[in-house]
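Here is the structure we will look at.
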Amino acid sequence: MSESAKAEEGGVNVIGWIAQAMLPIALVLLLLAFAAAEQRVLSLGNLQNILIQSSYLVIFASAQMLVIITRGFDLSLGTAVSAVSVVSALLMTGSLAGEGGSLGLAIFAGVLIGLGVGMLIGAFNGIAVAWFNVNPFVATLGSLNISLGIATMASDGRPVFNVPREFSAIVYNGNILGIPAPILFAGATLLVLHFIMAHTVFGRGLYLIGGNPRAAEVAGLPRQRYVMIAYILCSVIAALGALLLTGRTGSGEPNLGGNLTLESIAAAVIGGVSLRGGVGGVLAVILGALFVTVLSNGMNLNRIDGNVQMIVLGCVIILAVFLDRFRAAAT
Amino acid sequence: MSTAPGMAMQEELTSRILRVGLLPILLTLSIAFMAVFEQKFFGLNNIFNVLRSTSFLAIVAAGQMLVLIVAGFDLSVGAVIALTSTVMAKTMAAVGAAFPEQNAVIIPLGILAGLGCGLFIGLINGLCVAFLKVSPFMVTLGTLSIATGLALLLTQGIPVYGMPNGFVKDFGRALWFGLPTTVYVALAIILAVWFVQTRTKFGRYLYAVGGNLQAAIVSGVPARLNVIMAYVLCSMLASTAGILMTARLGSGQASMGGNSMMLQSIAAAVIAGVSLRGGVGKVELVALGALFLSILTNAMNLLRVDSKMQVVVLGFILVIAAALEEFAQRRRRHV
Amino acid sequence: MSLSATVPDAAVAGQPGQTKAAPSPGAAQAPLIEIRGVSKSFPGVKALDDVDFDLRPGEVHVLFGENGAGKSTLINIIAGTFAQDSGEFAFMGEPLRGLTPHRARVMGISPVFQEFSLVAEMTVEENLFLGREIARGGVLDRKAMRARSADIIQDLGFALEPNRKIADLSRAHQQMAEIVKALMGEVKVLILDEPTASLTERETVRLFELIAELKSQGVGIIYVSHRMAEIRELADRITVLRDGRLVKTLDAEGVGENELVELMTGRKIDLLFPPIDHQPAGTLLQIEGLTLLNGDAREIDFYARAGEITGIAGLVGCGKSELIRAVYGLEPIAAGDIKIAGETFAHPAPAASLARGVCYFPSDRVAEGLALGRPIRENVSVSALGLERFARKGIIKRLGERKLVQEIVGQLGLRPPNIERLAGNLSGGNRQKVMLSRGLTRETRVFLFDEPTVGIDVGAKVEVYDLMKALVGEGAAIVLVSSELPEVLHLCNRLYVMHQGRMVAELTGDDIEEQTVLACFFREDGDGVAA
């Protein structure tokens, strides 16, 4: 019996390896295909551009990863980003509007309130999902609308201008040793997340909860607390991404979230975070985010209509589901 | 089972109230509230407005319910409405240009094109869910994006005019026997769905597939076909609502339906006790759920609640309704 | 909509007493089912290996074997749930290919599995006609179905109400509904998988009468059971399976019990169950007046001492599992006291139980035991991640974890001892070993075993028993909940028996024997017919 089991394992590895290698290969092929249509795609400037663009998506996708691993989902990510952007921009501009507002304090307060808004939305999702057992899709569908309402009400539907330049100077234009700030932030987020997922009891707990929630509870894991923290972390990380994006645009945007929910889900799932829970890691998120970014970057450079891009994104989501299915069959 | 019958009965009563009784109580309360605070609510025009929006919502929510019964979910209904609206209006405008004043040609072709959109999206949803057994959320999230993109692409965000006057004036905005036409269409659809649910094999199979998929398959129920049919019907009902809304508005718009219709359709079903786990749901209650939500929205409009605030309220209602439903289910399982 | 080829007559035909052919049982005739050299593998297990089996008209053919011997795989192949990997399967002389559960049923192969094929939210009647509704053009003929179902239920003599929802019925009544459903069509082969596991005596008697009627009509019956008394009463032939292989097919007449058990286990009984030297010491677990919120167990008094195995026996659904689950914190408690080593344990919850040295091993290791997509290592250490040995300040000591888990798994003889394999790739026995390892990662004084040998092979079984013996020797208290009578009869020092949510007997010494226990199982105390 052990022999057959071993053969089994060997077989799994080969298919598993194919499933693993597929994405990097697809990524390269995609790049080449776009480059064939438009040479600028492979220019050094654009490659750096792709890296910077993908660092935002990496952040959002890694947030999404946290909850997908627990068999959850966050549909509110995009609108939470909008709400955070608007509220923190309002606070920064508001506290500078009066006489003698301290710049540092304003930025600090803006960042703090932004993360706070993220935390609130995450807590709403987490409490609904973990303690009231609301289906994660429904819970985050609800908070999607709630955060959308907050974003549009706070800003009255208009962008909040006059975000201090100094803020953008730090989070967008800043660099250390020539590495742009967004990449640094993304790298730091990934490192911290990797540590959490691979080396802490909490991270281990998330994998086991996603793998079998009932069994995790029987084994004594605090499922409800861990799931709630996962949702809070997800939204706080999304809020961090929102602040970085606000720094990039230099204004608080009520529509900043736009396609981010879709893109973050697509990136995480394409990368290999399983919708069945319990599987996925930081590396998966990086690959997935790069793939989605290359896709939209290539389409932009080839001047493909934004609405067409939306259709393509929809197809990519469905493709991600196919991929997920294939991977599940392979293991 | 002989001890504690009192306890069991009380639990049973609580769960009953939680499941069915909540809706009529909410309805009465909200109407009583309006009677006290806002008399305008009872104006004929306003009542027509409420009935119209109830009709649109009830049609979409009935479709959503069918999908929920097979343990699915459809995020794409709003986008299907948008796509239907633009495609139908474009088709009517184009056919109208080729055959001017030929309403007998223009209108059926337009409606067919609109329903075709529902059929198309519904088939994608259904086939992916039935054959890949993947999360319906993901699939319909994908088609949501695709349909919205298509609608925007077709119109570039500009309303599409050029539908025959007869379609708009004599149908979309008309009254039959003193009531908006939409109300009759919605009633007919609700009756038809009720008949299917309670009197046909297909209806029974939907419950079986959602209630215990394995048991249904073993019993020879063509599960995949039923799942596909549920998604197709859901999208086509959304299309129907899209057609009615477009006829009422007089132009095809890519902004029609959208996020709010999707949200409301799910909320209406969940409030009506349709289980997110599948196997449970009655169309007559869903219609009541739609009525409640429409009254609520109308009341908020009359009371001048900011429309952005309304979105927030809806979000809360959805989550609370789902939490209550889950609570009721847990109780039931413990009895 | 070509939903299903429903012919109203099909529902009418199969009623007992109407089938035409009535050959005498045992007569030499063409077998209904003939299986030659069938094999079937699942990831990590060879469930069936070159098995032959045949079923004649009018006979009761008992399938006998331990859990995991391949009985359920065999009946699932016959019922069309899945196909064999290799080998021949012929029905009434015709070789079968691409059988589906539905086709099998249409051809007259009706299974009654332990996992019910009923839709909980639908009524009895709707379930009976599922997939063969009486309908005209897709529109249901509800009157006709109502009349038919009432007739059939009455003919079969079961106390079932057709318009009750399945979810509201007791397990016994669900079982009856399942049996009625199986007899709706024209039945040629009836498969009964431990049908009496949740029936009371009166219903069991009625079932046996039915079986006799069906036999006289030439129906072939495959009967899976562990209970010797039943086998003695019903069987014409017996096929014994062990570890997926055919041991022997023999005529029931003149077969002794011990012979059967030895064929089943492949060893003498006293070698299967190790002699255990019980040295009862202090009471580690004491329960007084415990009543569960859902009423599955009521006013229970119970205790378990260090150094002995305390058993709880009873029919499926009698509340014995729920009782120990409540102690561990998985079922809400309405009233009563739980004391662990003399200290009151007010609000049981898994983490708190583990901290007090109480560990529960669930019967359903797929649903409640293991995260199948995660490696063995993680599944073992999960319950002990709060301990200094495994983690400090929330950060896992990965090296230490690997070493400790490797050691524990080695002690239990996990083969192969590769702790990075996914739990999902393991056989039933190895899965149980992973679960048991979990109890050894931390100091555990009270072991609550819920059907510990379900779905594992004999070898692994013996290892589980040996582990229990060793644990008892080290002074642990073991509570063994099991539906396998021989297990509790041979291993326990004291044996409790539960019946319909109540503790009805506490047996010690020579009172622990089959007849006494069975007498307690079937105690009719007034409310046998659950509403």
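Laboratory data are not the source of any read-out in this text; all were calculated from the coordinates shown. Keep in mind it's a predicted model, so treat the numbers as computed, not measured. Virtual Cβ from ideal backbone geometry, glycine too; neighbours counted across all protein chains shown.
Tabulated values for the structure
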read-out: Acute angle (nearest 10 degrees) that the helix B:5-16 long axis makes with the longest principal axis of chain B, alpha-carbon atoms; value: 10 degrees
read-out: Kirkwood-based Rg to Rh ratio, the range A:131-210, C-alpha trace; value: 1.13
read-out: Helix axis angle, C:142-156 relative to chain C longest principal axis, alpha carbon, degrees; value: 70 degrees
read-out: Between the range B:264-335 and the range B:75-103, the Cα center-to-center distance that results, in Å; value: 31 Å
read-out: Beta bridges by DSSP in the range C:317-470, antiparallel share as percent, to the nearest 5; value: 55 percent
read-out: Relative contact order (percent, whole number), chain A, Cα cutoff 8 Å, 6+ residue spacing; value: 33 percent
read-out: Cα-based equivalent ellipsoid of the range B:189-335: semi-axis lengths in Å, sorted from largest, via gyration tensor; value: 30, 21, 12
read-out: Share of alpha-carbon pairs per 20 Å distance bin for chain A, given as whole %; value: 31, 57, 12, 1
read-out: Size-normalised alpha-carbon gyration radius of the range B:191-270, reference 2.2 N^0.38 Å; value: 1.36
read-out: Volume in Å³ per residue [convex hull over Cα atoms, computed for the range C:252-387]; value: 188 Å³
read-out: Cα-based helix-to-principal-axis angle, C:398-411 vs chain C, degrees rounded to 10; value: 60 degrees
read-out: Convex hull of the range B:86-130 built on C-alpha atoms - directionally averaged projected area, nm²; value: 3.1 nm²
read-out: Test item: B:124-135 mean partner chain Cβ contacts at 10 Å; value: 3
read-out: Footprinting exposure proxy for C:73, A:200, A:70 (fewest neighbouring C-beta atoms within 10 Å first); value: A:200, C:73, A:70
read-out: Which listed pairs, of C:181/C:215; C:143/C:181; C:46/C:320; C:433/C:469; C:215/C:248; C:40/C:461, have C-alpha distances above 25 Å, in listed order; value: C:46/C:320
read-out: Size of the range C:43-171 as Cα extents on the principal axes (Å, biggest first); value: 49, 34, 33
read-out: Rule-of-thumb Rg ratio for the range A:54-95 [Cα; 2.2 N^0.38 Å; N residues]; value: 1.43
read-out: Cα-based equivalent ellipsoid, the protein assembly as shown: semi-axes from gyration tensor eigenvalues, Å; value: 54, 39, 29
read-out: Neighbour-count order for A:73, C:273, fewest beta carbons within 10 angstrom listed first; value: C:273, A:73
read-out: Rg ratio (alpha-carbon, reference 2.2 N^0.38 Å) - the range B:132-213; value: 1.64
read-out: Net charge of Cβ neighbours under 15 Å - reference residue A:114; Lys, Arg +1; Asp, Glu -1; value: 0
read-out: Ranked B:255, C:381, B:265, criterion: other C-beta atoms within 10 Å, fewest first; value: B:255, C:381, B:265
read-out: Protection proxy ranking, peptides A:80-88, B:54-62, average beta carbon neighbours within 10 Å, highest first; value: A:80-88, B:54-62
read-out: Estimated [θ] at 222 nm from DSSP helical runs (n ≥ 4, -39500 (n - 2.57)) normalised by residues in chain C, nearest 500; value: -9000 deg cm²/dmol
read-out: Whole-Å semi-axes of the ellipsoid equivalent to the range C:138-233 (Cα gyration tensor, √5λ, descending); value: 25, 17, 11
read-out: For chain C, convex hull of alpha carbons as volume per residue, Å³; value: 161 Å³
